[in-house]
1. Please tell me if LEU11 is assigned to a strand (DSSP E or B), open to solvent by less than 40 Å² (accessible area, probe 1.4 Å) and without any contact (Cβ under 8 Å) to a residue 40 or more places away in the chain.
2. For GLU125, indicate whether it is of a type in the set (D, E, K, R) and open to solvent by less than 30 Å² (accessible area, probe 1.4 Å).
3. Given the options VAL104, VAL92, VAL132, name the one that is closer than 27 Å to LEU31 by Cβ and among the β-branched types (Val, Ile, Thr).
4. Are any residues in segment 82-109 open to solvent by less than 40 Å² (accessible area, probe 1.4 Å) and more than 21 Å from LEU42 (Cβ to Cβ), and if so, which ones?
5. Could you grab the pairs with beta carbons closer than 9 Å, sequence gap of 6+ or different chains, first residue in segment 220-241 and modelled with pLDDT of 80 or more and part of a loop (DSSP other than H, G, I, E, B), second one open to solvent by less than 30 Å² (accessible area, probe 1.4 Å) and not aliphatic (A, V, I, L, M)?
Amino acid sequence: MHRFEYKKNELYCEETPVSKIAAEVGTPFYLYSIGTFLDHFLKLKDAFAPVKPLICFSVKANSNLTVLKALVKNGSGLDIVSGGELYRAKKVGVDPQKIVFASVGKSEKEIEEAIRHGILMFNVESSQEVEVIHGIAERLKKVQKIAIRINPDVTPGTHHYITTGSKQNKFGLDVKTAYKLFMQAKKYPYLRFIGIHIHIGSQITNAKPFVEAIGKCLQFIESVKGNGTPVEYLNIGGGLG
C-alpha cells in the first residue's frame, strides 16, 4: 500500500534510508513517496478504465509541486479550491480541461481567473453561485461548464465532523432544488450544465455509502434527461479511508 518500510531495522522511503535524508536536510522535514502516490492513482485509473474516467487529485490534500507534477505527468487532472491552487496547477502544466474548481467560498476574482484560464468546470454549491458564475461568464463572453453539487442524504458511517452528504449538513443542494436548476438551464446561455457532483465525506471505510449515493445520482440523471441538458459527468468526491 505504501513505499515506507523497515529494512534491517532501518526505515526506508522507497530505496532511500530516511536517516540519510535527515542527515542531509535536517529535521523536522516532510517526506513523500512519489511511488505511493502513483500506485494509488494508477490503481484507480485501471479500476475505472472501462468508463474512461477523469481522475482529479485534490490539491488541498497535498500541494507539493513535485507530487503534483508526477501525477499530472501520469495523466491526472487536478481538483482545486482556490486561486492559489489554480496558480499551482498552472505551474505544473496541467491541461486546463483537466481542472475542476470545487469549494464553497469562491471569490468573483477567482472565478474570473479560472474562466479565463479555460478550466473544465466548476462544482457549484448554490443557486446564487450559478448566478454569479453566469454573470462573469457573460461579461467575458465565454461559455462555462458547471456541475451542480447534490446532497444525496446518505450517511457514510464516518465521523460526523467530516460527513458532508446527509440532509443535516449544509453542503450541496437538495434534489428538488437541483432538479429545478436543471429545468431552468436555458435561462443561463453562458453556462452548460454538464454534470452533478457529490461529496459525502472523508475517511470512509467501505464502499456501500458511495454505491447508495451514486444510485441516487443515476436516478436524478434519468429524471433530467428530457430537458435538453444531458449530464456528461458524475463527479464523485470524498475518500475511502
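1. On the way: assigned to a strand (DSSP E or B): yes; open to solvent by less than 40 Å² (accessible area, probe 1.4 Å): no; without any contact (Cβ under 8 Å) to a residue 40 or more places away in the chain: yes.
Judged against the criteria, LEU11 is not a match.
2. Working: of a type in the set (D, E, K, R): yes; open to solvent by less than 30 Å² (accessible area, probe 1.4 Å): yes.
For GLU125, the condition - of a type in the set (D, E, K, R) and open to solvent by less than 30 Å² (accessible area, probe 1.4 Å) - is met.
3. VAL92
4. Within segment 82-109, the first condition is being open to solvent by less than 40 Å² (accessible area, probe 1.4 Å), and the residues that meet it are 82-83, 85-86, 89, 92, 94, 96, 99-103, 106.
Those that are open to solvent by less than 40 Å² (accessible area, probe 1.4 Å) and more than 21 Å from LEU42 (Cβ to Cβ): SER82, GLY83, GLU85, LEU86, PRO96, PHE101, ALA102, SER103, LYS106.
5. Every condition considered, the pairs that remain are VAL224/PHE182; VAL224/PHE193; VAL231/PHE182; VAL231/PHE193; VAL231/GLY195; VAL231/CYS217; VAL231/PHE220; GLU232/GLY195.
The values are calculated or read from the model by the stated rules, or taken from the named source; none is laboratory data. Here the structure is a predicted model, which is why all the values come from computation and not from measurement. Virtual Cβ from ideal backbone geometry, glycine too; neighbours counted across all protein chains shown. With ligands, DNA and RNA removed, areas are computed over all heavy atoms of the protein, side chains included. Shrake-Rupley method; radii C 1.70, N 1.55, O 1.52, S 1.80 Å.
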